[in-house]
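Asks: Here it is, the structure in full.
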Amino acid sequence: MNGDLNFEEGGNPVQMNMIIAGNDPVLTDAYAANLMGFSIEEVPYIRMAESIGAGTADLANADIIELNKDIRSVKPMPSRRVQHLARYVVEDSACSACYGSLIHAPDRLDEKGLLNRLREKIYIGQGYRNRRCEGIGIGTCTSGFEKYVGGCPPKARDIVEYLKSLI
Ligand code: SF4
């Protein structure tokens, strides 16, 4: 998966080193939307496709199997927009899927005019394992933080909802 922050034809790619396969195209798109920080309702064609019987968007009852996990810390060349969003982030050895999930989240907040209300830095990466820091942690590696979003990697949608609850 190499989604784009805000435009399907590219411009701000976010490399996540994931391949998603499924036999329900609606469910697969619903899952990918969540990974990019969108609610299902924010992507209208998903409900349209569900309503004509092309599949289901019921993520709560989806049978999702993770075959393996890429825990390499990969840093592709970020676009200017991604660099702008990364100013809110302090990273230490983050996996590409985790970092990719996180970078989508501040963009979703920015679209809603909420990003400038974020007062604390966001920490992410394997370097924060067993550490206790001020600020907001992303992923199970930061479970020592008082405030953190669980998941390995967490979904951008969960990160968006958590950050919104703090601002
Ligand atoms: S929480 Fe998981 S995916 Fe995120 S940096 Fe830690 S090991 Fe990697």
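Taken together, the values in this text are just the output of simple stated rules run on the coordinates, not laboratory data. Bear in mind the structure is a predicted one, so any value in this text is a computation, not a measurement. With ideal geometry, Cβ positions are generated from the backbone for all residues, glycine too; neighbour counts draw on all protein chains shown.
Asks: Mind ordering 110-118, 87-95 by average Cβ neighbours within 10 Å, highest first? List each step's numbers first, then the result.
Replies: Working: 110-118: 13.2, 87-95: 17.4.
Descending mean neighbour count gives 87-95, 110-118.
Asks: Please report the orientation-averaged projected area of the range 19-61, defined via the convex hull of its C-alpha atoms, in nm². Write out the running numbers ahead of the final one.
Replies: Working: hull surface 11.8 nm².
So the mean shadow area of the Cα hull is 2.9 nm².
Asks: Could I ask something else about it? Using only alpha carbon pairs under 8 Å that are at least six residues apart, calculate the relative contact order of the range 19-61 and give it in whole percent. Working shown, then result.
Replies: Numbers: 39 pairs, mean separation 19.0, N = 43.
Result for the range 19-61 is 44 percent.
Asks: Shifting gears a bit: Give me the angle, in degrees from 0 to 90, between the Cα long axis of helix 96-111 and the longest principal axis of the Cα atoms of the chain, rounded to the nearest 10.
Replies: 80
Asks: In addition: Using the beta-carbon distance between Cys152 and Asn116 and R0 = 45 Å, what value does 1/(1 + (r/R0)^6) give for FRET efficiency, to the nearest 0.05?
Replies: Values: r = 29 Å, r/R0 = 0.65.
According to the calculation, E is roughly 0.95.
Asks: Now for a separate question. Considering only C-alpha atoms, what is the centroid distance from the range 50-102 to the range 108-167, in Å?
Replies: Between the Cα centre of the range 50-102 and that of the range 108-167, the gap is 14 Å.
Asks: Tell me, what is the percent relative contact order of the chain, built from C-alpha pairs under 8 Å that lie six or more residues apart? Before the final figure, lay out each step's value.
Replies: On the way: 287 pairs, mean separation 34.7, N = 167.
After rounding, I find 21 percent.
Asks: Run the simple label-point estimate for Asn6 and Ser39 please: 7 Å along Cα→C-beta, distance reported in nm.
Replies: The modelled label-to-label distance comes out at 2.0 nm.
Asks: Taking every eigenvalue of the Cα gyration tensor of the chain, multiplying by 5 and rooting it, what semi-axes result, largest first, whole Å?
Replies: Details: eigenvalues 135, 61, 50 Å².
Working from the Cα gyration tensor, I get semi-axes of 26, 17, 16 Å.
Asks: OK, next. Quick check: residue separation of Arg47 and Ser143 times 0.36 nm, minus the Cα distance between them. What number comes out in nm? Intermediate values should be presented prior to the final figure.
Replies: On the way: separation 96, 0.36 × 96 = 34.56 nm, distance 3.48 nm.
Stretched out fully, the Arg47 to Ser143 stretch lengthens by 31.1 nm.
Asks: How would you rank 138-149, 42-53, 121-132, highest first, on the average number of other Cβ atoms within 10 Å across their residues? The partial results should precede the final answer.
Replies: Details: 138-149: 20.7, 42-53: 13.4, 121-132: 17.9.
Highest to lowest by the protection proxy: 138-149, 121-132, 42-53.
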